[in-house]
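Undergrad: Take a look at the following structure, please.
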Amino acid sequence: MGAVRKKGLDYFSFDVKFFSDKKIKILKSRYGINGIILYIYLLCEIYDNGYYLKIDNDYEYIISDELNLESNLVKQVMNFLLERSLFDNKLFQSDKVLTSAGIQKRFQLAVKTRAKKNPIIIDRFWLLESEETEPFIKVMHYYDNSENSDDNSRNNSDNSENKGIKESKVKESKVKESKVKKESVIYYPSDEKLNAAFASYVEARKQMKSPMTSHAVDLAIKKLDDMTSDNDIKIEILEQSIINGWKGIFPLNNANKAKLTTQEYADSLERWANE
């Protein structure tokens, strides 16, 4: 009986400029060392599996238990990693898969020696273009937005007129999608109401003739997350600033602070005072 082919890696390359990356700096600034540990933990899990990791809705609780972190923090860090493209967000939304083009490039380098003798067959979730893929990586199907896409869409149409209409609609759809992506910014991808509230706050700053830079947005989100983990209270804090015409965000005033737990409010005040 032949030897079982190894699926994942025993080790992976780690860039010495890791902490110089702007995205990593923001990750550390917003979530501290726990954010860094969680990201490296996920990279280890991915490379142990190969070049991607398929998760389910309970995975954040498993991570929370293994790393002794609050599940809400795990969720926030995961959202950040997806939002900043440290993991491919589109693939995660469609298939609950964690990977990225960078991860797959490093995977190629790691398997180069063994794969030259025995090429590696890739059957799903491959993000790299054909010109970026090494010859010893044999890709059966490049990523097409979903593992469960309709097989019928791959069939050729005998009717050239219908085919032309379909292609036209696809192009039109892509143009519209591109415009939406350029016009909309996602601040909190996991909470539509909170995201809308933060977008209103950013717009209010524009109306005050004090638009926010991307760095100012990052700092505001960090400050808001430090104040409370309750998304409903975050919305009230943002609404408080909008209604009062404040440029900054602050703990709830006396009329609203009762909605925070005593300890949580005290902690948020202390953090705010020390900034």
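The values are calculated or read from the model by the stated rules, or taken from the named source; none is laboratory data. Model, not experiment: these values are computed from the prediction. Cβ sites come from the backbone with ideal geometry, for glycine too, and all protein chains shown count toward neighbours.
Undergrad: Would you check which residues across the stretch 4-55 are under 17 Å from the mean Cα position of the chain (by Cα) and of a type in the set (Lys, Arg) and list them?
TA: Matches in the stretch 4-55: Lys22, Lys23, Lys25, Lys28, Arg30, Lys54.
Undergrad: All but one of (1) basic (Lys, Arg); (2) farther than 22 Å from Val77 by Cα; (3) modelled with pLDDT of 85 or more hold for Lys174; state the number of the condition that does not hold.
TA: (3)
Undergrad: Among (1) crowded, with 16+ Cβ neighbours inside 10 Å; (2) within 22 Å of Asp21 (Cα to Cα), where does Gly50 come up short?
TA: (2)
Undergrad: Looking only at the stretch 208-244, filter to residues that are touching a residue at least 40 places away in the same chain (Cβ under 8 Å) and in a loop (DSSP other than H, G, I, E, B); which one of those is surrounded by the fewest Cβ atoms within 10 Å (Cβ to Cβ)?
TA: Among those that are touching a residue at least 40 places away in the same chain (Cβ under 8 Å) and in a loop (DSSP other than H, G, I, E, B), it is Ser229.
Undergrad: Please specify each residue of the stretch 23-62 satisfying the condition of being over 30 Å from Ala115 (Cβ atoms) and in contact with a Ser or Thr (Cβ under 8 Å, 6 or more places away or on another chain).
TA: Glu60, Tyr61
Undergrad: Of everything in the stretch 10-44 that's of a type in the set (D, E, K, R) and without any contact (Cβ under 8 Å) to a residue 12 or more places away in the chain, which residue is surrounded by the most Cβ atoms within 10 Å (Cβ to Cβ)?
TA: Taking the stretch 10-44 as the starting set, the residues that turn out to be of a type in the set (D, E, K, R) are 10, 15, 17, 21-23, 25, 28, 30.
Okay, now just the ones that are also without any contact (Cβ under 8 Å) to a residue 12 or more places away in the chain, so 10, 15, 17, 21-22, 25, 28.
On the way: Asp10: 8, Asp15: 11, Lys17: 7, Asp21: 12, Lys22: 10, Lys25: 12, Lys28: 15.
If we take residues in the stretch 10-44 being of a type in the set (D, E, K, R) and without any contact (Cβ under 8 Å) to a residue 12 or more places away in the chain, then Lys28 is surrounded by the most Cβ atoms within 10 Å (Cβ to Cβ).
Undergrad: Check Leu91, Leu81, Leu109 and return the single one that is out of contact with any Gly (no Cβ under 8 Å at 6 or more places or on another chain) and modelled with pLDDT of 95 or more.
TA: Leu81
Undergrad: Hey, any hits in the stretch 65-87 for a residue that's assigned to a helix (DSSP H, G or I), free of Cβ contacts under 8 Å to residues at least 40 places away in the same chain and surrounded by fewer than 12 Cβ atoms within 10 Å (Cβ to Cβ)?
TA: Yes, that holds for at least one residue.
Undergrad: Another one. For Lys96, only one of the following conditions fails: (1) modelled with pLDDT of 90 or more; (2) in contact with a strand residue (DSSP E or B) (Cβ under 9 Å, 6 or more places away or on another chain); (3) surrounded by 15 or more Cβ atoms within 10 Å (Cβ to Cβ). What is its number?
TA: So the condition that Lys96 fails would be (3).
Undergrad: To continue, here is another question. Quick one: which residue in Gln104, Gln76 is outside the structural domain of Lys22 (by TED's automatic domain parsing) and out of contact with any His (no Cβ under 8 Å at 6 or more places or on another chain)?
TA: Gln104
Undergrad: Condition test on Lys116, is it at pLDDT 90 or above and out of contact with any helix residue (DSSP H, G or I) (no Cβ under 6 Å at 6 or more places or on another chain)?
TA: In short, no.
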